[in-house]
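In what follows, a structure is listed as structure tokens, so that the remarks can point back to it.
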Amino acid sequence: MKKIILLFLIVNTLNSQSFTDLTEQNLYRGGNVFLLDKMNNYDEDIDGTPYLNPDFDKGQIIFENGNSYNGDIRIDLVAQNFQIRGKNGKITPIEVNNKVKIDIKGDKYKLHAINSTQYGDIGILRECIELENISLYYFPRKKLQKPIEAGIKAPTSGYGKTDNPEWKDDGFYFILINGKYLRVPTKYKKLLELNIFDTNKLKSYRKDYKLDLKKENKLIELVKYFNEN
């Protein structure tokens, strides 16, 4: 019996070590992480960055079974996928399914099936708060903002030259309620029109608390209140 227990402990230790020393090659064996053929190439003349952070952050890929992979990670907000950087400096683009969480500097990101004609079928959302009846997520996005063309053709001297196009933040919050992802409006009247909260309770809440639909901490308080009421 002791030999069986000892053998079991050795196998578990070996499995733990092999996962701790996970390389990019065997990261994909579980079927939750998928290697992409190539990275998106972005025009260097565009100002700003299409990434959540142009630099790689220390992050963690967390699987449902509790195993994890630690490494340098960044999020491509335009392509809606992740990139990992190996010890040799090689950058590998990957996709994950909804059974995987990505932890970057304490923030948890996960792929969600938004199923929206306006915002796409899927999106990488940051977890703000997950509760039994209502959850709040942030959808980090980037949009390409083109410069406004001058009405009069600029002279060849370069005088009046327009600015470069720029990647601009275009993120917003989702409330997940009754299985639907609803964009959180920034105006109180628009929130009423969504008809997801009891009107009288919402009016009372607004009166008693400083409701600011642009601040995450206020949205979290709102979600907590209506999860319980």
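Nothing in this text is a laboratory measurement; each read-out follows from the coordinates by a stated rule. Because the structure is a prediction, the values reported are computed rather than measured. All Cβ positions, glycine included, derive from the backbone under ideal geometry; neighbour counts span all protein chains shown.
Annotation for region 171-201 versus region 28-56: alpha-carbon center distance of 31 Å. Mean separation of Cα pairs under 8 Å and 6 or more residues apart, divided by the residue count, gives region 26-184 a relative contact order of 19 percent. Going down the list Lys38/Lys168; Lys101/Lys180; Lys99/Lys210; Lys87/Lys180, which pairs span over 32 Å between their C-alpha atoms? The answer is Lys99/Lys210; Lys87/Lys180.
Evaluating 6.51 cos²θ - 1.76 cosθ + 1.60 at θ = phi - 60° for every residue in region 173-186, the Karplus couplings come out as 9, 10, 9, 9, 9, 6, x, 10, 8, 10, 5, 7, x, 9 Hz, glycine and proline recorded as x. Using only alpha carbons, build the gyration tensor for region 26-184 and give me the equivalent ellipsoid semi-axes, biggest first, whole Å. For region 26-184, the ellipsoid semi-axes come out as 33, 22, 12 Å.
Selection among Val223, Leu213, Phe197 by position relative to the dipole of region 185-229 gives Leu213 as farthest towards the positive end (Cβ unit charges, Cα centre). Which of rounded, prolate or oblate describes region 176-229 when judged by the alpha-carbon gyration tensor and an a/c cut-off of 1.5? Note, shape of region 176-229 comes out rounded.
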